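Here's the structure, in structure tokens; my notes come after.
Each value in this text was obtained by applying a stated rule to the coordinates, not by laboratory testing. Just so it is clear, the structure is predicted and the values come from calculations on it, not from any experiment. Quick reminder, even Gly has a Cβ in these numbers, built from the backbone with ideal geometry, and neighbours come from all protein chains shown.
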Amino acid sequence: MSMNNTFTIKQIASENNSFTFDLVGAIDAHANNVLDSLAQIPAGSYVLLDFKQVERVNSMGLSLLLKVFENWERQKIRIEVQHLDRMVSMLFKITGLARFIKSDGNAPETTGTTPLNLEQPHHIEAKTNKPATVISHDKLNFIASMQSGQQLTGWYLLNTYLQRRMKKAIHFEQTVDTPNADSTDLLFAKPFEASLMIKQHGFIPVMRPASEADEVVVLTRSDDTRSLAEYVNACVSTATENSFVYLLGRFLCDENEVDSSKLTFDFSGNEIKALQTLIRKKADLAFMLKKTFDGLSSFSKNSVRKLDESQTDFACHLFLVAPHLRSEAESLGEILVAMSNDGQGQQILQDIQIQGWSKPEEGEIKMLQMVYDRYRG
């Protein structure tokens, strides 16, 4: 029907208000104009979308698809999708779109249409000592939830970099807990933390790491030869419950026919402690960020074995500002983007293991908020 360089839609059949289309390529922000061409479907029709030739779908692509589906539903158009690969199928279930998946029978797929019951698994209580937050009115407080422990020095350097360019005193600290909104001005947060701060406290998303998503790996010990499907009723170590890592790790287990509601979870507070819990045989599995896993020492990597990993291209960390800094959001974004163009900025980006910064699409934020509301809101 329409096309661009990365995504096309091919009409395969049309008979008695019944339409079948092949989707080909990557469904992302660039797919907008192509998907708009589907607006001409007559009311009351039936539409089957075949994903067999879809290479990937990211959060912006899901947002665009949801917009199309919502418009069709208002026109009483019946929608089914088929031949989704494992990761796209997971994304449909995570975002509540599984009702459109065509089953082998005559009715659409219903599995996964309800959210995971995140309160059901047994939790091992962990003692945490949360440091007191220092509230300062004469300087900005910058809080970062780092993607790996090797980034700490780089974040302190970024703090100095921002102080000089914003011409403001900025106090930096790292955190593993949800930050105090009243004493946080600048925030680099994990996906669900960012969603909470946006939803409940009005924080403004300014930038995201460019060309990067928070993917998850499921690990076991290197001497454990079982496949993931054999870890029924296992104990899983991971950093926190209120995280996209926890959610996505559970979906990976469920997709491997391991009922995640019957797993026991040990929330260690951070990913390195979760890994240590696994290696010390106090847990059978561990969920962690793929980026953290990739940055492990050779000794740590040799101690574990990767059972599965996500390729969702969905969620990411976000750089946010508090509502009272709304007027400075644009200039801060310009400072972050410009880091790629000067030597000092490039070195800091290398130290914090980020390629660069890009502005998050509205659809990306919408989908992340939708998932957060669905499971944690």
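Things worth noting here:
- Remark on the range 2-100: Rg and Dmax equal 12.4, 33 Å (Cα only).
- Each of R165, R208 was scored by other Cβ atoms within 10 Å of its Cβ. Arranged with the fewest first, they read R165, R208.
- With distances taken between every two different alpha-carbon atoms, the range 214-309 has a Kirkwood hydrodynamic radius of 12.8 Å.
- Placing +1 on the Cβ of every Lys and Arg and -1 on the Cβ of every Asp and Glu, with nothing else charged, gives the chain a dipole about its Cα centre of roughly 520 debye.
- Membrane-span-like helices of the chain, defined as complete DSSP H segments with a Cα extent of 18 Å or more along the helix axis and a mean Kyte hydropathy of at least -0.5, are identified as 59-74, 152-166.
- Overall Cα dimensions of the range 270-377, principal axis frame, Å, largest first: 51, 41, 25
- Only lysine pairs 8 or more places apart or on separate chains count here, and in the range 214-309 those with Cα atoms under 14 Å apart total 6.
- Placing +1 on the Cβ of every Lys and Arg and -1 on the Cβ of every Asp and Glu, with nothing else charged, gives the range 176-254 a dipole about its Cα centre of roughly 120 debye.
- In terms of surrounding Cβ atoms within a 10 Å radius of their Cβ, R326, R221 rank from fewest to most as R326, R221.
- Solution diffusion estimate, µm²/s, Stokes-Einstein, the range 161-205, Kirkwood Rh from C-alpha pairs, 37 °C, viscosity 0.692 mPa s: 282
- Scaled radius of gyration (Cα, divided by 2.2 N^0.38 Å) that the chain gives: 1.05
- Here the label points at K10 and E309, each 7 Å from Cα along the C-beta direction, are separated by 3.1 nm in the simple model.
- Residues with amide H under 5 Å from that of E55, placed H, sequence gap 5 or more: G25, A26, I27
- Pairwise label distance in nanometres, S18 with Q40, each label 7 Å out on the Cα-Cβ vector: 2.2
- Pairwise FRET efficiency - K167 versus S340, Cβ, R0 = 25 Å, nearest 0.05: 0.70
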